[in-house]
1. Starting from the Cα of F81, step 7 Å along the direction of its Cβ; do the same at W37; then give the gap between the two resulting points in nm.
2. Using a Förster distance of 41 angstrom, determine the FRET efficiency expected from the C-beta separation of I94 and M2, and round it to 0.05.
3. Provide Y86, Y101 in ascending order of the number of other Cβ atoms located within 10 Å of each residue's Cβ, fewest first.
4. Using square roots of five times the C-alpha gyration tensor eigenvalues, list the equivalent-ellipsoid semi-axes of region 34-106 in whole Å, biggest first.
5. Among V47, S87, M14, pick out the residue whose Cα is farthest towards the positive end of the charge dipole of the chain, where Lys and Arg carry +1 and Asp and Glu carry -1 on C-beta, about the Cα centre.
6. Using θ = phi - 60° and the Karplus form 6.51 cos²θ - 1.76 cosθ + 1.60, what ³J(HN,Hα) does each residue of region 67-82 get, whole Hz, x for Gly and Pro?
7. Note the full-extension length gain between V26 and L74 as 0.36 nm times their separation in residues minus their Cα-Cα distance, in nm to one decimal.
8. Quick one: length gained pulling I11 to N63 fully straight, 0.36 nm per residue minus the C-alpha distance?
Amino acid sequence: MMNEYDYMLLILGMCMVTFLPRWLPVFFLSNRQLPTWFEKWLELIPVALLSAILLPSLIITKNPMGINVFSKELLVAVPTFIIAFYSRSLAGTILGGMFLYWLTVSW
């Protein structure tokens, strides 16, 4: 059974695990000039992470395990991406994607 001290240690540990990976690069790299190629490479990381998170949920089916390129999620994601590309609006993209998903689910 965990007592209050154990919970406080757990919370402090979780804080450190969350804080340190964000703080260390800022602390060590804030006074240095990074090479241009490295800065360009760092700009690609958010897109790569988002793609790695979203793509499997869009094309992989659960039962039976397989790939479905005609899933309703993927069919909604493509026009939603087009909306995002042309509108550059987060709210418009979310509303457009939700509306398109509602249309596919209700038909």
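Bear in mind that the values in this text are calculations on the coordinates, not laboratory data. Please read all numbers here as calculations on a predicted model, not as lab measurements. Virtual Cβ from ideal backbone geometry, glycine too; neighbours counted across all protein chains shown.
1. If labels sit at F81 and W37, their model points lie 2.8 nm apart.
2. Plugging the Cβ-Cβ distance into 1/(1 + (r/R0)^6) gives 0.55.
3. Listed from fewest to most nearby Cβ atoms, that is Y86, Y101.
4. Semi-axes, largest first: 28, 19, 7 Å.
5. Result: S87.
6. Using θ = phi - 60°, the values come out as 10, 10, 7, 10, 5, 5, 5, 5, 5, 7, 5, 5, x, 5, 4, 5 Hz.
7. Additional length available on full extension: 13.6 nm.
8. Answer, rounded to one decimal: 15.0 nm.
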